[in-house]
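Input: a single structure, listed below in structure tokens.
The values are calculated or read from the model by the stated rules, or taken from the named source; none is laboratory data. Treat the numbers as computed from the prediction; the structure is a model and nothing was measured. No Cβ is skipped: glycine too gets one built from the backbone with ideal geometry, and neighbour counts run over all protein chains shown. Heads up: the accessible areas ignore ligands, DNA and RNA and are worked out on the full protein's heavy atoms, side chains in. Shrake-Rupley method; radii C 1.70, N 1.55, O 1.52, S 1.80 Å.
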Amino acid sequence: MTAAVAYAAAPAAAVPCPETPRASTGARPRTGGGLRVRVPLRLVVGAQYRDAALSVYIKIAALAMRPEGCTAKVSVLAEYLGLSKSVVERGLKDLSHPDEVDGLVEVVTTRRTLRGGRGQSAHRVVRKATEAEHFVWVPVRAADALSPRLLRLYALIAYAEARNVPLAVGDLGGMLYHHTGTKAGQHLGDRQAARLIEELGSTGWITVHARQGLQGRHAYETHRHPIHPAAQAPAAAPVIHDGSGAVSAGGSLASREDQRTDRPVKRAGVGGSIRRRRDAGSSARGHSEKRSNSNGGGTYRGPGLQLSPRVWQVLEPVRPELPSISPYLMRRIGQEIGRQLSAGVGMERLTTRLLTRYSRLTAHGPAAERARRGDVGRWILGAGLPRHGCRLDSCEDGVTWATRERCHLCANIAAAAAEAEAERLAAEEARARQPAVAAPPPGPPAPSRPPTTWLPWPPPPPDPGPALPDGDEREQLRAAATPEAVRQALAVHGAPTAIRLYGHALVLPHLTKHHDEGTTAS
């Protein structure tokens, strides 16, 4: 019996379809651990970034080390990471757009097109981090081997180990977030963090030393490569600890997909209208995703609003007004607060500034009446958050923030303005007190042809008068002034110059006396 006949005679057996292994499944440990990538800490702890953004950043940063940079397509990145293309696109979107907290772009994408018009894969590079920025070293193999959430947990433990910071399960649960569903933006909690730590320990990338840390905590040790080969996944459905139906109270299990989450596939023939295809796609997505922007028209299909706890703490004085602000303005407010906090403005100073100005706004009437007259979100951006004061950064509405004393520069500016105003009023009063000069009598009529008069050219410059002393010399001159000197200055230089020299208080009595004597004599 041949082998083919024997195989045909054997009973058919159901062969289970195993789960597609990752790139490092069953890999043996390597000496040195391979390539590592320096990852900014803000990508690891920032709630505004999805878990997949960290995996995509590490892979792009590793590929960007080549001379030609990272030119891999999204589908290639997804194949490297063992993720779906849509998950990689969402993570890449978080990295390619300005951050809503700090306004930074982590991955710079350059689109490329050939001369004939055919497109090429985009060229991507990562942002160059500053020297003072906190970071953590993560192996590139970890991004290929671990799921995005386990990779984020690994990066948190690696940073704490490098900084010698003791960790508790609650600390790790407080730095991991839900990004989808009704709990989006909330922390995972202790229970799910403990399950993730157990799952990460089973992969061999970390070692958990139970109760060997500070005050009975667990001590964690990270590895640059798994210390043992990863176990093959069973043929049965995997256990998901952070999805629907993980526990009895975790929600219901879905029996079919939601078609609204899929991109509608619609083929249009030659000559079809772009507007018609776009409208058809919008109607397929449904009206539940449409949200009006601040301009009153159009639709918003971006990510949900997520603000950091620091931004919410600054906005605490105006919390009753926040529901009336559009998501677009709330993002701009969050960006402005993040920019000022990054520039060194303290959270207490920013909160006090907003509270003081909001109290002035509501002092003469309820906030609802003023909200009807103008947008509260635009008031926060234009009047509530900007700093008022002189050019000194420490000045806050004319007061030095650190000492709560009057700003010396603002005081000098106010004193100079008051002195200039007083001198102007004194000059106007002096001009008003001068006697009116009678008009000369009319002379003989002018001849029909006046004689030629030769004048010197160029004409002599006007007499500038005496040079005025500066501030200190002027004060000394006024302190040593005598009535004879004041009267002499009036007779020689006139009232305006005498007032500029000796001041209004010393010149005015002599000016009034001189005027009275002239009137009596006349």
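Among the residues of segment 182-208, those that are in contact (Cβ under 8 Å) with a residue 12 or more places away in the chain and in a loop (DSSP other than H, G, I, E, B) comprise ALA184, GLY185, LEU188, GLY189, THR203, GLY204, TRP205. Please tell me if MET1 is open to solvent by 80 Å² or more (accessible area, probe 1.4 Å), at pLDDT 85 or above, aliphatic (A, V, I, L, M) and out of contact with any Pro (no Cβ under 7 Å at 6 or more places or on another chain). When the stated conditions are applied, MET1 does not pass them.
Entry remark, segment 133-149: residues being open to solvent by 10 Å² or more (accessible area, probe 1.4 Å) and in contact with a Gly (Cβ under 9 Å, 6 or more places away or on another chain) number 6 in total. In segment 353-367 there is no residue matching the filter, namely being at pLDDT 75 or above and under 28 Å from HIS97 (Cα atoms). Considering segment 60-82 alone, what residues qualify as being open to solvent by 20 Å² or more (accessible area, probe 1.4 Å) and either β-branched (Val, Ile, Thr) or touching a helix residue (DSSP H, G or I) at 6+ places or on another chain (Cβ under 8 Å) (or both)? Hits for segment 60-82 are THR71, VAL74, SER75, VAL76, TYR80, GLY82.
Looking at THR203, THR182, THR130, THR113, just one residue is more than 16 Å from LYS59 (Cα to Cα) and touching a Gly at 6+ places or on another chain (Cβ under 6 Å), and that residue is THR113.
Put simply, of GLY117, GLY69, GLY26 the only residue that is touching a Pro at 6+ places or on another chain (Cβ under 6 Å) and modelled with pLDDT under 90 is GLY26. Kindly check whether there is at least one residue in segment 134-155 that is assigned to a helix (DSSP H, G or I), basic (Lys, Arg), touching a residue at least 24 places away in the same chain (Cβ under 8 Å) and touching an Asp or Glu at 6+ places or on another chain (Cβ under 8 Å). Yes, some residue in segment 134-155 is assigned to a helix (DSSP H, G or I), basic (Lys, Arg), touching a residue at least 24 places away in the same chain (Cβ under 8 Å) and touching an Asp or Glu at 6+ places or on another chain (Cβ under 8 Å). Kindly indicate whether LEU95 is touching a strand residue (DSSP E or B) at 6+ places or on another chain (Cβ under 7 Å), under 12 Å from SER55 (Cα atoms) and open to solvent by less than 30 Å² (accessible area, probe 1.4 Å). It is true that LEU95 is touching a strand residue (DSSP E or B) at 6+ places or on another chain (Cβ under 7 Å), under 12 Å from SER55 (Cα atoms) and open to solvent by less than 30 Å² (accessible area, probe 1.4 Å). In segment 396-412 there is at least one residue that is modelled with pLDDT of 70 or more, surrounded by 12 or more Cβ atoms within 10 Å (Cβ to Cβ), touching a Leu at 6+ places or on another chain (Cβ under 9 Å) and over 30 Å from TYR502 (Cβ atoms).
The condition of being charged (D, E, K, R) and in a loop (DSSP other than H, G, I, E, B) holds for only one of GLU79, GLU100, that being GLU100.
Filtering segment 311-358 to residues that are free of Cβ contacts under 8 Å to residues at least 40 places away in the same chain and more than 22 Å from ASP397 (Cβ to Cβ) leaves TRP312, ARG319, LEU322, PRO323, PRO327, TYR328. Among the conditions (1) closer than 21 Å to VAL44 by Cα; (2) surrounded by fewer than 20 Cβ atoms within 10 Å (Cβ to Cβ), the only one that THR182 does not satisfy is (1).
Each row is one residue, and each column tells you yes or no for (1) small (Gly, Ala, Ser); (2) open to solvent by less than 10 Å² (accessible area, probe 1.4 Å); (3) at pLDDT 90 or above.
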residue	(1), (2), (3)
LEU151	no, yes, yes
ALA158	yes, no, yes
VAL169	no, no, no
MET175	no, no, no
GLN186	no, no, no
